[in-house]
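Read the structure below first, then the notes.
The values are calculated or read from the model by the stated rules, or taken from the named source; none is laboratory data. Predicted, not measured: the structure shown is a model, and the values here were computed from it. In this analysis, Cβ positions are derived from the backbone assuming ideal geometry, glycine residues included, and neighbour counts consider all displayed protein chains. When the accessible area is computed, the model is the full protein with side chains, heavy atoms only, and any ligands, DNA or RNA have been set aside. Shrake-Rupley method; radii C 1.70, N 1.55, O 1.52, S 1.80 Å.
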Amino acid sequence: MAAPSPGPREVLAPSPEAGCRAVTSSRRGLLWRLRDKQSRLGLFEISPGHELHGMMCMMQAGLWAATQVSMDHPPTGFELGTLAGPAFAWLRRSLGLAEEDYQAALGPGGPYLQFLSTSKSKASFFLSHDQRFFLKTQGRREVQVLLAHLPRYVQHLQRHPHSLLARLLGVHSLRVNRGKKTYFIVMQSVFYPAGRISERYDIKGCEVSRWVDPAPEGSPLVLVLKDLNFQGKTINLGPQRSWFLRQMELDTTFLRELNVLDYSLLMAFQYLHEDERGPGSSLIFRTARSVQGAQSPEESAAQNRRLLPDAPNALHILDGPEQRYFLGVVDLATVYGLRKRLEHLWKTLRYPGRTFSTVSPARYARRLCQWVEAHTE
């Protein structure tokens, strides 16, 4: 799996002042927060004056530098570390993602967009300016879990190239002035291309804390709704349903074996145009850009392959009779250790008779698959 890549190293990148100015005063930051209090519920551009602008600039400059083979003038000012570089370079190649495109999307060519998640996590969420890549800050413990599971994650994607698991593309650390490191991951955005998406959901298969107040009708805010918001709705996949149920079983079984829980099924809807409906309208059998390893008919059946739409991000797209569905499983780094076991006991007492996210990995996987089966046709 070894291949040319940035590899594990520390890359020096320009200071925020050299090309991107950070917040210059606390007053300016306060004015920004007051002015954009409402729009912060959705997607918006991280412009100069935004409290995360300095971090964004360092991430952009650092990621741009990390994908350079050689540089005449190595940047200075802060450190960006690339973790498990060869493995993630392989993952990017397996998706047919050119390093030049990856670099251009994540580099300083345009500002990131901040996405304020409805999650309770304290993480910061970003989208590249073209909304193709998703960046999320992570705790050190979560990063350690991801890296520990990385060999098995890669093996699972080799065995099941059409897996619904989010495609992780990089893990990095950022440190300014020898301070504490901030870790972040880069992954393909499940909600791409986003132009015609009408609804977005984050599904865990439970009910406690799984409601989000919808945006007012006609509002431009981008909100990701949750399980209770989906009540009374159905995912109409037609002949794709059996593939989807099987792949959810394969992916959740893998996560159960890793002792992982609290992951989410991300889901979005997009109505199909008339010329996109019906068999053969936009489907081709495409495996070259996503399949690695043996491809005998027996193994192909075991891998649960399917027809992929001839569209960007095809691995996370299923076309039903009337709608296109964007589907992916994200947040793969929460282990069912002592802390989660104690949380389970507390929630059992706090929410008797109700379903909540902190349960054993086996029960979590089974419950999410049951939710999918009950809400698809």
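Report the local net charge at Leu261: Lys and Arg +1, Asp and Glu -1, summed over other residues whose C-beta lies under 14 Å from its C-beta. Net charge in that neighbourhood comes out at +3. In summary, the aspartates and glutamates within cross-link reach of Lys233, defined as a Cα separation below 16 angstrom excluding same-chain residues under 8 places away, comprise Glu199, Asp202, Glu207, Glu322, Glu373, Glu377. Among the chymotrypsin sites (Phe, Trp or Tyr not before Pro) in the stretch 173-218, those placed in a DSSP loop whose Cβ has at most 16 other Cβ atoms within 10 Å are Trp211. A simple count of charges around Leu164, restricted to other residues whose Cβ falls under 12 Å of its Cβ and scoring Lys, Arg +1 and Asp, Glu -1, yields +1.
Between Tyr183 and Gln138, Leu174, the built amide H atoms are under 5 Å apart, and every one of these is 5 or more places off in sequence or on another chain. Let me check I've understood the local charge: for Glu343, count other residues with C-beta under 11 angstrom from its C-beta, Lys and Arg +1, Asp and Glu -1. What total comes out? Around Glu343, the surrounding residues sum to +4. The listed residues Glu274, Glu322, Glu142, once ranked by accessible area (1.4 Å probe) with the largest placed first, stand as Glu274, Glu322, Glu142.
Count neighbours as other Cβ atoms within 10 Å of each site's Cβ, and list the trypsin sites (Lys or Arg not before Pro) in the stretch 193-261 that are DSSP loop with at most 13 such neighbours. Passing both the DSSP loop test and the Cβ count: Arg196, Lys233. In percent, rounded to a whole number, the relative contact order of the stretch 150-200 is 28, using alpha-carbon pairs under 8 Å and six or more apart.
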